[in-house]
Amino acid sequence: MTTFDRKGHWQGIYTAKAETEVSWFQATPAPSLDLLRLAGADRDSAIVDVGGGASLLVDCLLAEGFRDLTVLDLSRAALDKTRARLGEAGAGVAWIAGDATEWTPPKTYDVWHDRAAFHFLTEAADRAAYIERLRRALRVGGAAIFGTFALDGPEKCSGLPVMRHDAASLSAALGPGFELLDHRRHDHQTPGGSTQRFQFSTFRRVG
């Protein structure tokens, strides 16, 4: 039985394609920015963007004066593209090439943000490993923001199966100690002109 190479898959995607060519590209990450404000994030908040490789979220946060930013992604190629795009502006960002199911968080964060990474974890063991890292990384009182395909969203992305979610399934995955703050729908328009139905759920860690 062959073990799927997640790292190799995403490295190949970002080596072969520009960041503006992938289906999840957003010119303006408005839903994430809105939810960071809802969660009470300010310029001193420590924020980790999980699977944020080539996203423009870090660009927007830097432009708004945020100072404590970490971007974690499986693909070094994705991170390198963002670092090249930002130049000196991204010098203070912590860039980590790693798997969120295996990563050892070096510190605690005020916000854990994940748009379009968690839904690729279709195996229960991978989801459990991810949640274990989240619990290590997120301080009590901090916020976890998830953007995943909705229950009526795509069943596959980038050639891979996904696990679609709503606020209830994410709450069950997180387990005790998380309080739902907000959940909302978002219809994402891909660069190719199709619509992908997302949901965003925001939780507060309460214990």
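With respect to Arg76, determine if the residue is charged (D, E, K, R), touching a residue at least 60 places away in the same chain (Cβ under 8 Å) and closer than 22 Å to Ala94 by Cα. Yes: the conditions hold for Arg76.
One residue alone among Ala89, Ala100 is touching a Leu at 6+ places or on another chain (Cβ under 8 Å), in contact (Cβ under 8 Å) with a residue 12 or more places away in the chain, more than 22 Å from Phe178 (Cα to Cα) and of a type in the set (A, V, I, L, M), and that residue is Ala89. Of the residues Arg139, Arg43, Arg133, the single one that is of a type in the set (D, E, K, R) and in a loop (DSSP other than H, G, I, E, B) is Arg43. Within the range 68-75, is even one residue surrounded by 23 or more Cβ atoms within 10 Å (Cβ to Cβ), of a type outside the set (A, V, I, L, M, F, W, C) and within 21 Å of Leu181 (Cα to Cα)? There is no residue in the range 68-75 that is surrounded by 23 or more Cβ atoms within 10 Å (Cβ to Cβ), of a type outside the set (A, V, I, L, M, F, W, C) and within 21 Å of Leu181 (Cα to Cα). Among the residues of the range 56-81, the one identified as at pLDDT below 95 and either at positive phi or of a type in the set (Ser, Thr, Tyr) (or both) is Ser75.
Test of understanding: among Ala41, Ala30, Ala54, Ala94, which residue is under 17 Å from the mean Cα position of the chain (by Cα), surrounded by fewer than 16 Cβ atoms within 10 Å (Cβ to Cβ) and under 20 Å from Gly147 (Cβ atoms)? Give the derivation first.
Numbers: Ala41 fails: surrounded by fewer than 16 Cβ atoms within 10 Å (Cβ to Cβ); Ala54 fails: surrounded by fewer than 16 Cβ atoms within 10 Å (Cβ to Cβ); Ala94 fails: under 20 Å from Gly147 (Cβ atoms).
Ala30 is the lone residue from the list that is under 17 Å from the mean Cα position of the chain (by Cα), surrounded by fewer than 16 Cβ atoms within 10 Å (Cβ to Cβ) and under 20 Å from Gly147 (Cβ atoms).
Okay, residues lined up against (1) surrounded by 12 or more Cβ atoms within 10 Å (Cβ to Cβ); (2) among the small types (Gly, Ala, Ser); (3) touching a Cys at 6+ places or on another chain (Cβ under 9 Å); (4) assigned to a strand (DSSP E or B):
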residue	(1), (2), (3), (4)
Gly153	yes, yes, no, no
Ser171	yes, yes, no, no
Arg184	yes, no, no, yes
Gly193	no, yes, no, no
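Each residue in the range 113-134 was checked for being surrounded by fewer than 18 Cβ atoms within 10 Å (Cβ to Cβ), in contact with a strand residue (DSSP E or B) (Cβ under 8 Å, 6 or more places away or on another chain) and within 19 Å of Arg204 (Cα to Cα), and 0 pass.
The set of residues from the range 121-158 being in contact with an Asp or Glu (Cβ under 6 Å, 6 or more places away or on another chain), within 26 Å of Thr195 (Cα to Cα) and of a type outside the set (Phe, Trp, Tyr) comprises just one member, Leu151. Within the range 155-169, the set of residues being part of a loop (DSSP other than H, G, I, E, B), within 25 Å of Arg37 (Cβ to Cβ) and not charged (D, E, K, R) comprises His165 only. When Leu174, Leu180, Leu160 are screened for being without any contact (Cβ under 8 Å) to a residue 40 or more places away in the chain and of a type outside the set (Gly, Ala, Ser), only Leu180 passes.
Of note, Phe146 satisfies the criterion of being of a type in the set (Phe, Trp, Tyr) and closer than 22 Å to Glu102 by Cβ.
Of these, Thr148, Thr122, Thr101, which one is more than 15 Å from the chain's Cα centre (by Cα), of a type in the set (Ser, Thr, Tyr) and not in a helix (DSSP H, G or I)? Spell out the reasoning first.
Values: Thr148 fails: more than 15 Å from the chain's Cα centre (by Cα); Thr101 fails: more than 15 Å from the chain's Cα centre (by Cα).
That would be Thr122, the only listed residue that is more than 15 Å from the chain's Cα centre (by Cα), of a type in the set (Ser, Thr, Tyr) and not in a helix (DSSP H, G or I).
Apart from one condition, Gly12 fits all of (1) under 27 Å from Leu181 (Cα atoms); (2) surrounded by fewer than 18 Cβ atoms within 10 Å (Cβ to Cβ); (3) more than 16 Å from the chain's Cα centre (by Cα); the exception is (1).
The values are calculated or read from the model by the stated rules, or taken from the named source; none is laboratory data. Treat the numbers as computed from the prediction; the structure is a model and nothing was measured. For neighbour counting, all protein chains shown are included, and Cβ atoms are generated from backbone atoms with ideal geometry for every residue, glycine included.
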